Amino acid sequence: MADVESLKREAGIEACKFVLDGMKVGLGTGSTVKHTVIELGRRIRDEGLKITGVPTSLATEKLAIECGIPLVELSSVDGLDIVIDGADEFDPDFHLVKGGGAALLREKIVAQESDIMVVVADERKKVNVLGAFPLPIEITPFSQSATVRALNRILDCRVNIRMSGDGPVITDNNNMIADAHMGPKIEDPISLESEILKLAGVVQVGLFTNMCDAVVLASSNKVETIVNPNGKLA
Ligand code: 5RP
């Protein structure tokens, strides 16, 4: 059986087939899409591919610069052709949980600005019902305790501020991440997304509903592209 790192690499590279000359490309965050960024850099160098990228995090910005990908500010372009990004989970309706890397706010903004969203994933990310992966919620530090208490009440589950060493994880937007340990029971992610977003103090939630057009999925015996029948690639 192939190791997870090889699967991530295979998915990340395979997704580059969607990237064509002249495209404006959203560059996701994480250990799978890292391989996409590296491969796009290789194609720019070796094949003269001409693209501009918009990174979804400071970490991806740094990697993209190292790989020689020309970058632009999101505010300076009128939409993007495609975003390629990772996910922590995807369900049969192509709804996603994202934010394991704490980049969900910029990832969602970039996905919203992109014509097409392609997710790169290994087989561990495919689930029947979302929620085994703790749901990341970006919250403002101003009301952190109140927001965690409110989330705890609304979601009826353990909600923790994500820590790194002795302090909280601080996102690229100077916010914090609350992880909601819901368990695999998010049967209606669309309603849950709206409900969580109603709470002042919540900046964004890592439920990406009706955004993903295809998943490039690497399993031990194959890499396949699963197209969302209700998406823009169908
Ligand atoms: C970052 C994300 C990542 O895309 C997600 O956590 C998947 O990462 P990886 O490919 O490392 O498993 O949402 O906020």
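All of the numbers you see were taken from the coordinates with simple rules; none came from a lab. Since this is a predicted model, take the numbers as computed values, not measurements. Here the Cβ is made from the backbone with ideal geometry for all residues, glycine too, and neighbour counts use every protein chain on show.
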Return one quarter of the surface area of the convex hull spanned by the alpha-carbon atoms of the chain, equal to its mean projected area, in nm². 13.0 nm²
Pop out the ³J(HN,Hα) list for segment 162-168 in order, Karplus 6.51 cos²θ - 1.76 cosθ + 1.60 with θ = phi - 60°, rounded to Hz; leave Gly and Pro as x. 6, 10, 9, x, 8, x, x
How large is the dipole of the chain about the Cα centre if only Lys and Arg carry +1 and Asp and Glu carry -1, each at its Cβ, rounded to the nearest 20 debye? 320 debye
So what J values fall out for segment 113-119 if you push phi through Karplus, 6.51 cos²θ - 1.76 cosθ + 1.60 with θ = phi - 60°, rounded to Hz, Gly and Pro as x? 8, 9, 5, 9, 10, 10, 9
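Could you put 67, 212, 16 in order, starting from the residue whose Cβ has the fewest other Cβ atoms within 10 Å?
Sorted ascending by nearby Cβ count, the order is 67, 16, 212.
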One finds the C-alpha centres of segment 179-217 and segment 118-162 to be spaced, in Å, by 8 Å
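Stick to the Cα atoms of segment 135-205, pair each with every other, and give me the Kirkwood hydrodynamic radius in Å at one decimal. If you can, show how the numbers build up before the last one.
On the way: mean 1/r = 0.0817 Å⁻¹.
Result for segment 135-205, one decimal place: 12.2 Å.
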Run the quick spin-label model on residue 142 and residue 234: label points 7 Å from Cα toward the beta carbon, then report their separation in nm to one decimal. 4.1 nm
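List 74, 104, 40 from most exposed to least, where exposure is judged by having the fewest other Cβ atoms within 10 Å. Intermediate values should be presented prior to the final figure.
Numbers: 74 16, 104 29, 40 25.
By the 10 Å Cβ count, ascending, the order reads 74, 40, 104.
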Extreme residue, positive dipole direction of the chain, given options 151, 96, 211 (C-beta unit charges): 151
Run through segment 124-167 and list the trypsin sites (Lys or Arg not before Pro) located in a DSSP loop whose Cβ has at most 15 other Cβ atoms within 10 Å. none
By counting other Cβ atoms within 10 Å of each Cβ, how are 163, 23 ranked from fewest to most? 163, 23
Given H placed 1.01 Å from N in the peptide plane, which residues other than close sequence neighbours of residue 80 have an amide H under 5 Å from its amide H? 114, 115
Averaging sequence separations of C-alpha pairs under 8 Å and six or more residues apart, then dividing by the length of segment 1-149, give the relative contact order as a whole percent. 25 percent
When the gyration tensor of segment 33-151 is built from Cα positions, what are the square roots of 5 times its three eigenvalues, in whole Å, from largest to smallest? 28, 18, 13
